[in-house]
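Below is one structure, written out as C-alpha cells; comments come after it.
Bear in mind that the values in this text are calculations on the coordinates, not laboratory data. Quick caveat: nothing in here was measured; it's all calculated off a predicted structure. Positions of Cβ are generated from backbone atoms using ideal geometry, with glycine treated the same way; all protein chains shown enter the neighbour counts.
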C-alpha cells in the first residue's frame, strides 16, 4: 500500500475512535458519577511500502485504550434522602449477579423488601459485605458524612466505601459501575466524605468536549480530503504510465 494512504487510513481510524469517545462524554454530561474519558495514543513505527523501495521507516498513531479522569464532578443538591454524593476518593460498593462492583452513582432507593439498592435494583453493601435493610414504611434514614446509616438515632449499618491505588485499572461496565481486576487490592477509605440529599454529577466540561469534537471532525475531514487527492493522483499516474510506449 502507498505510504501516504497507510498513514492516512490509520489516522482516520484514530480520529473516528476519538470522535466516539468525545461523543460519549458529551452524551453523559448529565449522568450521575460519570467520569470523563480520554483516548490513549502511541507512536508506532513500520517499514515503508516495499513497492517504493524506501529504506526509512514511517510512523503512525495508534490508540491503545481509554483513560479516565476521576476528579470530582459537580455536587448538586436534590433534597432526596437517599441521594448520596461522594466527595473525594472512593466508590460505593454494590452487589450484582456477577459479583461486587463499584460506583459513584448515589441515586439509591429502598425496594419492596426494604433493601437499599441502586437505581437499577442492585443491593448496596455495608462495610461487612452485607446488604443494608431498612423499614419500607419507616422514616428516612440519616446518613452521616462518614457513612453511618442511622434510624431513630441508632446506627443500623455503615456504608462500605472502597478505593484503589490504580484507578485506571478499573474495568468499566454499564450503568455507571466498574469492576476491579483480579489482582487489584481493595483499599478502605478511612475518612470518606458522603453528602446526603446530594448527587455528584459528571466531571465532563461541556465546552472542552464540544471544542474537541469540532477539532476532531475537522481533522477527519482534512484527512479524508488528503486520501481522496492521493487516490486521484495514483489513478492519474497509472493512466499516464499506461499510455507510455
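What the table below lists for this structure:
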| quantity | calculated |
| --- | --- |
| For the chain: relative contact order, % (alpha-carbon pairs under 8 angstrom, 6 or more apart) | 27 percent |
| Calculated FRET efficiency for the pair residue 225/residue 120, C-beta based, R₀ 41 Å, to 0.05 | 0.35 |
| Max mean-square fluctuation residue, GNM over the chain, Cα-Cα springs under 10 Å, options 149, 193, 136 | 136 |
| Sum of -39500 (n - 2.57) over DSSP H runs of 4+, divided by residues of the chain (222 nm, nearest 500) | -9500 deg cm²/dmol |
| Longest to shortest principal axis, alpha-carbon extents of segment 75-200, angstrom | 41, 28, 25 |
| Between 0 and 90°, nearest 10: helix 206-243 axis offset from the chain longest Cα axis | 20 degrees |
| Which labelled figure in (1) 19.4; (2) 18.9; (3) 21.4 is Kirkwood radius over Cα pairs in Å, once derived from the coordinates | (3) |
| Tilt relative to the chain, helix 3-27 - C-alpha long axis, 0 to 90 degrees, to 10 | 20 degrees |
| Projected label distance in nm at residue 197 and residue 23, using a 7 Å step from Cα toward the beta-carbon | 4.1 nm |
| For peptides 11-23, 215-227, sequence by mean Cβ density within 10 Å, most packed first | 11-23, 215-227 |
